[in-house]
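The values are calculated or read from the model by the stated rules, or taken from the named source; none is laboratory data. Please read all numbers here as calculations on a predicted model, not as lab measurements. Here the Cβ positions follow ideal geometry from the backbone for every residue, glycine too, while neighbour counts run over all protein chains shown.
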Amino acid sequence: MDCAVMDLKVTQLKPFGVLVEPLNGKTKVQDLDVEQLRQLFRKHQLVLLRGFETFQNSEEFSDYCGVWGEVSLWPFGKVLELIQQDNPDDHIFDNSYMPLHWDGMYRPQVPEYQIFHCVKAPLAGQGGATTFSNTILALESASTEDREIWNKVTGSYQRKMEFYDSKTLSPIITKHPHRDVSVIRYNEPPAEERGELVNPPILEFTGIDSDELDKLHSSLEKALYSPDSFYAHEWQTGDVVIADNFSLLHGREKFVTKSPRHLQRVHVLSNPPFENPGLVSYQ
C-alpha cells in the first residue's frame with residue numbers, strides 16, 4: 001500500500017522492503033531525514049531510494065553513508081567499486097552469479113548496513129540483479145523438522161582473496177545481534193548448474209551425518225528462495241539501497257559480460273560495532 005511520509009511516496013515491496021520516491025520535483029538523497037529512513041529500515045529491513053539526485057563521486061557517497069554511522073574501512077578505502085574486471089581473480093569482480101551469504105563474515109567487525117549506489121545499471125534483460133533473502137521470514141515459515149536440522153549445524157567458511165585470508169564459524173541459526181529474534185547465517189554452496197565461480201570459498205558443515213547434508217542444503221534453498229522471503233532487485237541508474245546485513249543474506253544474478261553494470265558499496269557499522277563472534281583467523 002502506498003503512503004506519504006516526510007513528503008515522500010513510500011510503497012511496500014514484496015515480500016519485504018520499501019520503495020521511497022520523491023513526491024515533487026528534484027530532491028537530493030542527502031536532504032532526506034536519515035532518522036526517519038532508519039525507522040523504515042528497522043521495520044522493513046530494506047529501503048530503496050529511487051528517483052532522487054544522488055552522488056557526483058565516491059567521496060560524496062561515502063560522506064552520505066557516514067551520516068548513517070561509522071563507515072567500515074577496507075584496504076581499498078570506504079567504497080568498493082563493483083565493476084566487472086578483465087580476467088578477475090575473484091567472483092566479486094566477475095559477471096557470474098553469486099551465492100547467498102552475509103557481508104563481514106570474514107572480517108573483525110560485521111556491518112549492520114550495506115549501502116549500495118547504482119552508478120550505471122545493466123540494460124534491460126542483461127541480468128545482474130542483487131538478490132536478498134529475509135532470513136527472519138524464512139525461519140517464520142520453516143517447518144519444525146527443517147528448523148531442527150538447521151539448529152544442529154555449524155558452518156565453517158574459509159576464503160582467501162585480495163582483501164583478506166580468513167576463516168569463520170557460525171551456527172546456521174543464531175541470534176540477531178541487537179534484537180530478540182533468530183536469523184540464518186549461511187553461505188550457500190556454489191551451484192554447478194549456475195556456472196563456475198572464480199575463487200570460491202571452502203565450505204564445511206558439521207553437526208549432522210553426511211547423508212543428511214543434501215537435505216540441509218535443499219531445505220535451506222527452498223526456504224531462502226521462497227517467494228515469501230526472497231527479493232531480486234533489478235537495478236536502475238541512481239538507485240540507492242540500504243539493506244540489513246544482520247537479518248538478510250544477499251547474492252547476485254549472473255549478467256551479460258561487459259554489461260554497463262557499476263555499483264558502489266559501503267559498509268556501515270552498528271552502534272556499538274558488532275565484533276565478529278565466529279572469526280577463527282584473519283589476515
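A few comments on the model shown:
- In segment 107-118, residue farthest from residue 239 (Cα to Cα) [restricted to those that are out of contact with any helix residue (DSSP H, G or I) (no Cβ under 8 Å at 6 or more places or on another chain) and crowded, with 21+ Cβ neighbours inside 10 Å]: 110
- The number of residues in segment 254-273 being crowded, with 16+ Cβ neighbours inside 10 Å and either β-branched (Val, Ile, Thr) or in contact with a helix residue (DSSP H, G or I) (Cβ under 9 Å, 6 or more places away or on another chain) (or both) comes to 5.
Yes/no matrix, rows are residues, columns are (1) closer than 30 Å to residue 120 by Cα; (2) under 17 Å from the mean Cα position of the chain (by Cα):
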| residue | (1), (2) |
| --- | --- |
| 179 | no, no |
| 190 | yes, yes |
| 212 | no, no |
| 222 | no, no |
| 239 | yes, yes |
| 255 | yes, no |
| 265 | yes, yes |
| 274 | no, yes |
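- Condition check for residue 160 on (1) over 19 Å from residue 225 (Cα atoms); (2) touching a residue at least 40 places away in the same chain (Cβ under 8 Å): one failure, at (2).
- Cross-chain or 6+ apart pairs with Cβ under 6 Å, segment 220-237 first and of a type in the set (Val, Ile, Thr), then surrounded by fewer than 15 Cβ atoms within 10 Å (Cβ to Cβ) and not in a helix (DSSP H, G or I): 237/120
Residues checked against (1) under 19 Å from residue 120 (Cβ atoms); (2) surrounded by 14 or more Cβ atoms within 10 Å (Cβ to Cβ); (3) not acidic (Asp, Glu):
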site	(1), (2), (3)
28	no, no, yes
42	no, no, yes
53	yes, no, no
91	no, yes, yes
97	no, yes, yes
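- Just one of (1) in a loop (DSSP other than H, G, I, E, B); (2) within 23 Å of residue 82 (Cβ to Cβ); (3) within 19 Å of the chain's Cα centre (by Cα) fails for residue 250. It is (1).
- Of all residues in segment 128-177, those being more than 30 Å from residue 118 (Cα to Cα) and either over 19 Å from the mean Cα position of the chain (by Cα) or at pLDDT below 95 (or both) number 17.
- Residue in segment 171-192 that is under 24 Å from residue 91 (Cβ atoms) and assigned to a helix (DSSP H, G or I) present: yes
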